[in-house]
Amino acid sequence: MKKILLNLAALTLAAPALAQEIAPTMAPSPNAAEAGAPRPHRAVGIVTDQAVEAAMAANAYCAAMPKNYHVTTLVTDSAAVPIALISYDNGAQITQRIAMGKAQLVVKYKMRSTDGVAKAKADTAFAAELAANPLILVARPGGNPIMMGDQLVGTISVSGTPDGHDDDCAMAGLAKIKDKLKLIQ
């Protein structure tokens, strides 16, 4: 019993240190060759203030739900490069990576990630293709295209509602900006 209590005390003291470990989110820092290479501008996408506005609106929508979800919203350009990534207070770290996977699916397959979920259930070859892509792995709902007419100009992805409201939150964020979209090119 004494050993168990000592182990519990040690874990309790170590927990803050373990929580401080750096969690990988997007990609590693650039190597020397990448750092010295030309730096092209990001792809076509919405302006930064609209990306932040959409992300904040999506997070607020989720937080206002009865279960007070603490989600991450990612808004990207048309190549799935992040413009705004906002994790609500105490949002889980992994939600950032999950949101990125949703954005990658939207850009690569030109479909909502919810449609990707349905397609993966019906098409094992598609599911295997997703599983083989380390940027996606599995289709999850909550990733949506940002369109201007027929042109994909970005994505909005939400992650963090374990019972399936990611898509609702993403659509609330998109609704906040859809009638006033401005592009940076």
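The values are calculated or read from the model by the stated rules, or taken from the named source; none is laboratory data. Keep in mind it's a predicted model, so treat the numbers as computed, not measured. Positions of Cβ are backbone-derived with ideal geometry, glycine not excepted, and every protein chain shown enters the neighbour counts.
Quick rundown of the values:
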quantity: Every residue from the stretch 137-171 that is over 23 Å from residue 69 (Cβ atoms) and aliphatic (A, V, I, L, M); calculated: 147, 148, 152, 153
quantity: Count - residues of the stretch 135-162 that are closer than 14 Å to residue 63 by Cα and not polar (S, T, N, Q); calculated: 3
quantity: Which listed residue, of 161, 155, is touching a Cys at 6+ places or on another chain (Cβ under 9 Å) and of a type outside the set (Phe, Trp, Tyr); calculated: 161
quantity: Some residue of the stretch 100-107 being within 11 Å of the chain's Cα centre (by Cα), buried (at least 22 other Cβ atoms within 10 Å of the Cβ) and not in a helix (DSSP H, G or I); calculated: no
quantity: Residues within the stretch 53-85 that are surrounded by fewer than 21 Cβ atoms within 10 Å (Cβ to Cβ), within 11 Å of residue 174 (Cα to Cα) and of a type outside the set (D, E, K, R), tallied; calculated: 2
quantity: Filter result for residue 145 (crowded, with 18+ Cβ neighbours inside 10 Å, free of Cβ contacts under 8 Å to residues at least 40 places away in the same chain and either outside any strand (DSSP E or B) or β-branched (Val, Ile, Thr) (or both)); calculated: no
quantity: Any hit, the stretch 11-32, residues being part of a helix (DSSP H, G or I), more than 30 Å from residue 169 (Cβ to Cβ), more than 19 Å from the chain's Cα centre (by Cα) and modelled with pLDDT of 90 or more; calculated: yes
quantity: Matching residues in the stretch 108-117 - criterion: being surrounded by fewer than 24 Cβ atoms within 10 Å (Cβ to Cβ) and either assigned to a helix (DSSP H, G or I) or at negative phi (or both); calculated: 108, 109, 111, 112, 114, 115, 117
quantity: Scan of the stretch 57-89 for residues that are part of a helix (DSSP H, G or I) and either modelled with pLDDT under 95 or among the aromatic types (Phe, Trp, Tyr) (or both), ordered by number; calculated: 61
quantity: Residue in the stretch 90-98 that is more than 15 Å from the chain's Cα centre (by Cα), under 20 Å from residue 154 (Cβ atoms), assigned to a helix (DSSP H, G or I) and not basic (Lys, Arg) present; calculated: no
